[in-house]
There are 2 protein chains.
Amino acid sequence: MTNSIQNQILGVLGGGQLGRMLIQSAINYNQDIHILDPDPNAPCKDIAQRFQAGSLKDFDTVYSFGKGCDVITVEIEAVNTDALLKLADEGKKVFPQPPILKLIQDKREQKQFYQLHGIPTADFVLTENKADVISKKDFLPAVNKLGKEGYDGRGVQILRSEADLENAFDAPGLLEKFIDFDKEIAVTVARNENGELIAYPAVECAFHPTANLVEFLFAPAQISSEIEEKAQQIAKEVILKLDMVGILAVELFVTKSGEVLVNEIAPRPHNSGHHTIEANFTSQFEQHLRAVMNWPLGDPSLRCPAAMINLLGEDGFSGPVLVEGKEVALTEKGVYIHLYGKKLTKPFRKMGHVTILDENINALKSKAYRIKELIKIKSTL
Amino acid sequence: MTNSIQNQILGVLGGGQLGRMLIQSAINYNQDIHILDPDPNAPCKDIAQRFQAGSLKDFDTVYSFGKGCDVITVEIEAVNTDALLKLADEGKKVFPQPPILKLIQDKREQKQFYQLHGIPTADFVLTENKADVISKKDFLPAVNKLGKEGYDGRGVQILRSEADLENAFDAPGLLEKFIDFDKEIAVTVARNENGELIAYPAVECAFHPTANLVEFLFAPAQISSEIEEKAQQIAKEVILKLDMVGILAVELFVTKSGEVLVNEIAPRPHNSGHHTIEANFTSQFEQHLRAVMNWPLGDPSLRCPAAMINLLGEDGFSGPVLVEGKEVALTEKGVYIHLYGKKLTKPFRKMGHVTILDENINALKSKAYRIKELIKIKSTL
């Protein structure tokens, strides 16, 4: 099996920035990657061995794309799982496994999965429509989530008091007890077909106040070793209970009383792991590759404290991209700019990220805030 | 000028592993790269924004390729410099500048350049043909070099005694005093159009006994701070005297008496800088990109001690590549495999490299030797 690495084709559903960074890792291993994405100008277009524009939700498109691959993975959850199930039945390796993708596509099923397996998570009630949410107003303050189609902050809102109920989602969803958390952290775990399992050190996330996207990330998280251990154990338990192969990002709340609760999970490389490209021995992208190809897993440990900021399209700008402040940022030591090759910006679109390294945590934080103010994604229009 | 980074096309003459690793860096900046290479299956083929198969030595091919670019650089010196001169005359940015490439193409001119500028280098005499070499036998032991067309160890041989004279090159070349050196080291320097100039810490090279290719590289070099300082000064002097823009690898001898002498130079990313991808704050590939695009230069300092080994095709094997030992190597912490996407191996062909990181120098060396024995490039034939 010494030559297995070169000969198999890895198909990826989705050709955005996650696929792009996966390809950047795969180049080092001569690992050919085929990409399917609905956008003919997706970030992976120029660097995949094969790029096909097509729907990720259409059975026939996904099925016939998958037939040309040996191993199939995703960089987005919203894909046709029936086609993936059929491909898996026919002997293709599909990681994460299709039933897991189906579970992830529905936040209601996800929560019930945690409950069934005793995985700590915020209390919740299922809701069928707006009237049902209103009838459960005693559950407030709560987070109201849509069961399906939520992504990058869409389909999630906080209902603090009865006055907010008029915004309640009028479709199947849930109400989750509002957690007045101390910190939001994330632990990435990876598992291969041989059963090898590793966990990355926890990172700490700070979210954008309105866009509900990660705005700053710091690694390592400033938490006690007990909380770190608990968080890693929970993340490992989730991937084991899912019996999943691939990389899994587990976002967690640390409550003021020291509880650790699962918030959301993503069975793919995730925004909370972008810093690993420069900051860890093995990046989350290479780790995902190793996991789905059943290669030995790499060392997840941190080489250096790091911060990560997302470069989101500035509010008020749409059109061809103009990156402000990049030249000045390039003069700073330990600052790594990653642009995603998207031609058009729009408010809050993820256009890139920056990783910042510094052995000194305080210097790291101030550099991160400075870079955040410096680089702005605007438009030439 | 905040948007200058996206809008210019960088053309690269040569689409081998150096171009491939340059593209891997450029992806992070949305920097489009066009590649010209005679081999339609060159390592850059699948990942360049545009790939053209064609001769690097043909005036018209190089000229018309260059017309479609804004900035032009090389990853190999053996290119048509007349076409590059014309492109530069017509306003294209060509880095390294064509006269420097012309100088590098002829080892005789290179040595005379060092002499003219007082750059320390081994004593030499020019030779016109075999008879001329024989007539200068008093100069032995010496290194006999062909003036032109030498590459990767070809066109260089040691003439230790009169018995070796029958092998003397029968074409314009030179005899260089054989240096019984203590160490071979290399310093990479970079300079942009604004005049910014940086030097990487010196690395120590160990060459393959017969193939005359770098076999092991260690960073940092185990030398005194005086020698380090002297080597960096010399390397900076060379790039300044050349008035060159881009990255320049300067290979040097450290003699037993503590002299530092320039051996060879390469005005492009070089084998002696491959470790910088993982081991330094800014890799040589990103640094070259920054230099030729006139962006601010990045920090060259070392993040961690590193070793680098070349993966050369094993002697006795030709044909489709089979990489032995990779799976075991993947289990080691801080081991980074880079394969170059070449479909066919042949004896001593550069098929990839491995970078190894370890804070402990002794552990680093033993890991490097172990990995060297472990990974073998053979063929399926």
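For the stretch A:123-177, a Kirkwood radius taken over Cα pairs fed into Stokes-Einstein (37 °C, viscosity 0.692 mPa s) yields D = 309 µm²/s.
Per-atom-type breakdown for the stretch A:181-379 gives carbon and sulfur 49% of the accessible area (1.4 Å probe, protein chains only). Put simply, chains B and A cover up around 4100 Å² of each other's accessible surface, both sides summed, when a 1.4 Å probe is used. The residues of the stretch A:63-103 expose, per residue, 35 Å² of accessible area to a 1.4 Å probe. Which residue fluctuates most in the GNM of chain A (Cα springs below 10 Å): A:188, A:331, A:282? Result: A:331 has the largest fluctuation of those listed. Computed over protein heavy atoms with a 1.4 Å probe, the accessible surface of the stretch B:123-177 works out to 53 Å² per residue.
Convex hull volume of the Cα atoms of the stretch A:2-94, normalised per residue: 80 Å³. All Cα-Cα distances of the protein assembly as shown, cut into 10 Å bins from zero to the largest, leave 3, 13, 23, 25, 18, 10, 6, 2, 1, 0, 0 percent in each bin in turn.
Restricting the calculation to Cα atoms, the stretch B:154-302 yields a radius of gyration followed by a Dmax of 16.3, 53 Å. Approximating the spin labels as points 7 Å out from Cα along Cα→Cβ, the residue B:207-to-residue B:344 distance works out to 2.8 nm. FRET efficiency for the residue A:126 to residue B:9 pair, using the beta carbon distance and R₀ = 56 Å, is estimated at 0.55. The mean number of partner chain beta-carbon atoms within 10 angstrom of a residue's beta-carbon across peptide A:21-30 is 6.
The orientation-averaged projected area of the convex hull spanned by the Cα atoms of the stretch A:241-357 comes to 10.0 nm². Of the three principal axes defined by the Cα atoms of the stretch A:267-316, the extents in descending order read 46, 24, 13 Å.
Ranking B:131, B:141, B:353 by how far each Cα lies toward the positive end of the dipole of chain B (charges on Cβ) leaves B:353 at the top.
For the pair the stretch A:105-173 / the stretch B:170-185, the C-alpha centres are spaced 75 Å from each other. Rg ratio for the stretch A:288-355: its Cα radius of gyration over 2.2 N^0.38 Å, N being its residue count, equals 1.45.
For the residues A:291, A:368, A:163, a GNM of chain A with alpha-carbon springs under 10 Å puts the largest fluctuation on A:163.
Normalised by residue number, the volume inside the convex hull of the Cα atoms of the stretch A:331-381 is 92 Å³ per residue. Among the trypsin sites (Lys or Arg not before Pro) found in the stretch A:282-341, those both in a DSSP coil and sparsely packed, with 16 or fewer other Cβ atoms within 10 Å of their Cβ, are A:333.
Rounded to the nearest 0.05, what FRET efficiency do residue A:90 and residue B:135 give with R0 = 60 Å and r taken as the Cβ-Cβ distance? Could you check? Plugging the Cβ-Cβ distance into 1/(1 + (r/R0)^6) gives 0.20. Over all pairs of different C-alpha atoms in the stretch A:19-157, the reciprocal of the mean inverse distance, the Kirkwood hydrodynamic radius, equals 17.3 Å. Dipole orientation for the stretch A:2-94: of the candidates A:48, A:18, A:80, A:48 has the Cα lying most toward the positive pole (charges on Cβ; Lys, Arg +1; Asp, Glu -1).
Taking every alpha-carbon pair in chain A and binning the separations at 10 Å intervals from zero gives 5, 23, 33, 28, 11, 1, 0 percent.
By the rule of a C-alpha distance below 26 Å, with chain neighbours fewer than 8 residues away ignored, the lysines paired with residue B:130 are B:102, B:107, B:111, B:145, B:148, B:177.
The label point for residue A:167 and the one for residue B:362, both projected 7 Å from the Cα toward the Cβ, are 6.3 nm apart. Each of A:225, A:55 has its accessible area taken with a 1.4 Å probe; listed largest first, they run A:225, A:55. The trypsin sites (Lys or Arg not before Pro) of the stretch B:9-94 meeting both criteria, a DSSP state outside H, G, I, E and B (loop) and at most 15 other C-beta atoms within 10 angstrom of the site's C-beta, are B:57.
The values are calculated or read from the model by the stated rules, or taken from the named source; none is laboratory data. Source: prediction; values computed, not measured. When we count neighbours, we look across all protein chains shown, and the Cβ atoms used for this are built from the backbone with ideal geometry, even at glycine. Each accessible area value is taken on the protein alone, full model and side chains, heavy atoms only, with ligands, DNA and RNA left out. Shrake-Rupley method; radii C 1.70, N 1.55, O 1.52, S 1.80 Å.
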